[in-house]
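Q: Mind looking over this structure? Questions follow.
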Amino acid sequence: MSERKPMGALINGARKIVIKIGSNTLAKSDGIINGVFMDDFAAQVAGLMATGKQIVLVSSGAQVAGLSTLDRWSRRRDIHYRQALCAIGQVELMGRWRSSFRRKGIHIGQLLLTKEDFADDLRTLNMRNTLFTLLDEGVVPIINENDSVTVDEIRIGDNDNLSALTAILWNAELLILFSDIDGVYTGNPKTDPAAALIPSVEDIGALRSAISMGETNPFGSGGMATKLEAAEKVTGYGIPLLLANGGTPRALSALMEGSGRGTIFWPGIPRPL
Ligand code: GLU
């Protein structure tokens, strides 16, 4: 079992951190990319980097950025249109991230990855080398799935799992998933006033059987199933995962200062057979 530190100490003690930001955190309720949030978030990342930390971002939002750019396509659902939307939106997304980080004098680099990249030793080695080189140069790598070239059968499918694979690839010391939920609750916080946030999880299997994972799961659209999969992946490699609400003001800084809320999944849990 690893040492159980409070949340602030956990973040302060981690030098290599992967942070995943979900589409719902990046987009406002009207589907428009939230530039104010991105500027603020980039400033918080710059603050962490100034203390000697290295940060890798996994940013969703290609599809939503594509939709808000070309809203006339919003009703088309077939794979080719969704891939085209991602091709358009990825450029918008990265353009926005670039301007947010430029305000802090930080360059960004883009890595678009697929499931096959993680299954191939040579590609994995090249991804690692690129990541390490970018970080050594003080550049923030921003990763997304290469949505325009992957179809359902060969895609990772969600950035929770992509960020977990990234954290393992890079030997990160912490993975933070910023979502539109505060963490894991004992019930549905929207309908059950007695629902309480679970601050710490040591046994993901027990948690899974204790909470509802169905379509009516209490955790909004965030998709708890993929978050638990990500937690299982990284904790099996000794990496803690912190699930928190990215939409709260100064979310990252608040977590560091110990005033933020979230659920920590601790490593040391046996992986399921
Ligand atoms: N790669 C997708 C996008 O950028 C997001 C996947 C996810 O949110 O899990 O739109």
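Q: Report yes if Asp117 is among the acidic types (Asp, Glu) and either over 26 Å from His80 (Cα atoms) or within 13 Å of the ligand (Cβ to nearest atom) (or both), otherwise no.
A: no
Q: Still on this structure, please answer the following. Can you find a residue that is in a loop (DSSP other than H, G, I, E, B), open to solvent by 10 Å² or more (accessible area, probe 1.4 Å) and touching a Lys or Arg at 6+ places or on another chain (Cβ under 6 Å) anywhere in region 49-59?
A: yes
Q: Further, regarding this structure: I want to confirm something. Restricting to region 193-210 and keeping residues that are open to solvent by less than 60 Å² (accessible area, probe 1.4 Å) and assigned to a loop (DSSP other than H, G, I, E, B), which single residue is farthest from Leu241 (Cα to Cα)?
A: Ala195
Q: Then there is this: Are any residues in region 110-132 crowded, with 17+ Cβ neighbours inside 10 Å and closer than 14 Å to Asn161 by Cβ, and if so, which ones?
A: Of everything in region 110-132, those that are crowded, with 17+ Cβ neighbours inside 10 Å and closer than 14 Å to Asn161 by Cβ turn out to be Leu113, Thr114, Lys115, Asp117, Phe118.
Q: So which of Gln63, Gln44 is away from the ligand (no atom under 16 Å from the Cβ), in a helix (DSSP H, G or I) and touching a Lys or Arg at 6+ places or on another chain (Cβ under 7 Å)?
A: Gln44
Q: Moving to a separate point now. (1) touching a residue at least 60 places away in the same chain (Cβ under 8 Å); (2) open to solvent by less than 50 Å² (accessible area, probe 1.4 Å): which one isn't true of Asp40, the others all being true?
A: For Asp40, the failing item is (2).
Q: If you don't mind, another one. For region 138-156, give me the residue count where each residue is more than 7 Å from the ligand (Cβ to nearest atom) and under 16 Å from Val64 (Cβ atoms).
A: Going through region 138-156 one residue at a time, the tally reaches 2.
Q: Another question, then. Go through region 81-183 and tell me which helices (runs of 4 or more DSSP H), entirely inside it, have 1 or more residues that are among the hydroxyl-bearing types (Ser, Thr, Tyr).
A: Once the helices (runs of 4 or more DSSP H) in region 81-183 are filtered for at least 1 residues that are among the hydroxyl-bearing types (Ser, Thr, Tyr), what remains is 121-136, 159-170.
Q: Can you name the residue in region 162-178 that is closer than 20 Å to Arg261 by Cβ and of a type in the set (A, V, I, L, M) and is also nearest to the ligand (Cβ to nearest atom) among such residues?
A: Once the filter is applied, the top-ranked residue is Leu177.
Q: List pairs: first residue in region 90-108 and open to solvent by 70 Å² or more (accessible area, probe 1.4 Å), second residue aromatic (Phe, Trp, Tyr) anywhere in the structure, Cβ distance under 9 angstrom, at least six positions apart or on different chains.
A: Final answer for the pair search is His107/Phe101.
Q: On to the next question. Six or more apart or on different chains, Cβ atoms under 6 Å: show the pairs whose first residue is in region 139-158 and touching a residue at least 60 places away in the same chain (Cβ under 8 Å) and whose second is of a type in the set (S, T, N, Q) and near the ligand (Cβ under 10 Å from one of its atoms).
A: Here the result reads Ile142/Ser59; Asn144/Ser59; Asp158/Thr226, each pair linking region 139-158 to a residue that is of a type in the set (S, T, N, Q) and near the ligand (Cβ under 10 Å from one of its atoms).
Q: What's the number of the only condition in (1) more than 10 Å from the ligand (Cβ to nearest atom); (2) over 16 Å from the mean Cα position of the chain (by Cα) that Leu111 fails to meet?
A: Condition not satisfied by Leu111: (2).
Q: Still on this structure, please answer the following. Looking at region 148-172, which of its residues are surrounded by fewer than 23 Cβ atoms within 10 Å (Cβ to Cβ), touching a Leu at 6+ places or on another chain (Cβ under 9 Å) and under 21 Å from Ile79 (Cβ atoms)?
A: Answer for region 148-172, where residues must be surrounded by fewer than 23 Cβ atoms within 10 Å (Cβ to Cβ), touching a Leu at 6+ places or on another chain (Cβ under 9 Å) and under 21 Å from Ile79 (Cβ atoms): Ser148, Val149, Ile156.
The values are calculated or read from the model by the stated rules, or taken from the named source; none is laboratory data. The structure displayed is predicted, hence computed values, not measured ones. With ideal geometry, Cβ positions are generated from the backbone for all residues, glycine too; neighbour counts draw on all protein chains shown. Calculation scope for accessible area: heavy atoms of the full protein, side chains included, ligands and nucleic acids excluded. Shrake-Rupley method; radii C 1.70, N 1.55, O 1.52, S 1.80 Å.
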